[in-house]
């Protein structure tokens with residue numbers, strides 16, 4: 001398939017596809033006229049790249065995984081360590097977000113209390129006039 005069809009089928013832009021090619025995540029075949037030809041495997045690789053990115057993996061990490069798959073050098077222990085590391089990063093992000101949420105909740109409560117006091121003072125001032 002050509003780049004236009006791959007773009008349509010994968011949802012990735014031509015710019016993204018060319019960038020992925022530049023950094024080695026995908027590698028099209030070349031016709032005699034030097035046009036790029038993409039295979040069904042390229043589409044599968046793009047689906048994997050998109051899923052892995054949605055899980056928080058960097059393009060560098062994704063490249064390492066794809067290289068290991070392509071070279072048949074997948075080490076399950078290393079894969080488990082990579083996933084464990086990613087899970088630890090996610091746990092930290094969750095903890096950070098919970099902390100931010102608590103802070104914002106407290107600030108909202110403080111602002112609501114201040115607004116209620118301001119309203120009460122306004123009403124007292126209006127009733128004394």
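Each value in this text was obtained by applying a stated rule to the coordinates, not by laboratory testing. Given the structure is predicted, the values throughout are model-derived calculations rather than measurements. Methodologically, a virtual Cβ is constructed for each residue, glycine included, from the backbone with ideal geometry; neighbour enumeration extends over all protein chains shown.
Please report the base-10 log of the normalised intensity I(q)/I(0) for the chain, using a Debye sum with one equal scatterer per alpha carbon and no solvent, at each q in 0.13, 0.15, 0.16 (1/Å).
Values, matching the q order: -0.71, -0.83, -0.90.
Using Cα springs under 10 Å in a Gaussian network model of the chain, which residue among 51, 91, 31 shows the largest mean-square fluctuation?
Comparing 51, 91, 31 in the GNM, the peak value goes to 31.
Return the calculated 222 nm mean residue ellipticity for the chain, to the nearest 500 deg cm²/dmol, obtained by summing -39500 (n - 2.57) across DSSP H runs with n ≥ 4 and dividing by the residue count.
That comes out to -26000 deg cm²/dmol.
Run the numbers on the chain and let me know its relative contact order in percent, using alpha-carbon pairs under 8 Å that are six or more apart.
With pairs under 8 Å counted, the relative contact order is 15 percent.
How far is it, in nm, from the label point at residue 8 to the one at residue 35 when both lie 7 Å from their Cα along the line to the Cβ?
It works out to 1.4 nm between the two label points.
For the modelled label position 7 Å from the Cα of residue 67 along Cα-to-Cβ, which residues of the range 1-32 have backbone nitrogen atoms closer than 11 Å?
The answer is 24-25.
Angle check, please: helix 59-70 long axis (alpha carbons) against the longest principal axis of the chain (alpha carbons), in degrees 0 to 90, nearest 10.
30
Among 93, 85, 117, which one moves the most in a GNM of the chain with springs linking Cα atoms closer than 10 Å?
117
How far, in degrees from 0 to 90, does helix 40-54 lean away from the longest principal axis of the Cα atoms of the chain, to the nearest 10?
Helix 40-54 sits roughly 20 degrees off the main axis of the chain.
What Kirkwood Rh does the range 1-74 have if only Cα atoms enter the pairwise 1/r average? Answer in Å.
Radius from the Kirkwood sum: 12.7 Å.
Between the alpha-carbon centers of the range 72-129 and the range 2-33, tell me the distance in whole angstrom.
40
Of the residues 109, 40, 95, which exhibits the maximal mean-square fluctuation in a Gaussian network model of the chain defined by a 10 Å Cα contact cut-off?
Between 109, 40, 95, it is 109 that shows the largest mean-square fluctuation.
How far is it, in nm, from the label point at residue 76 to the one at residue 18 when both lie 7 Å from their Cα along the line to the Cβ?
4.3
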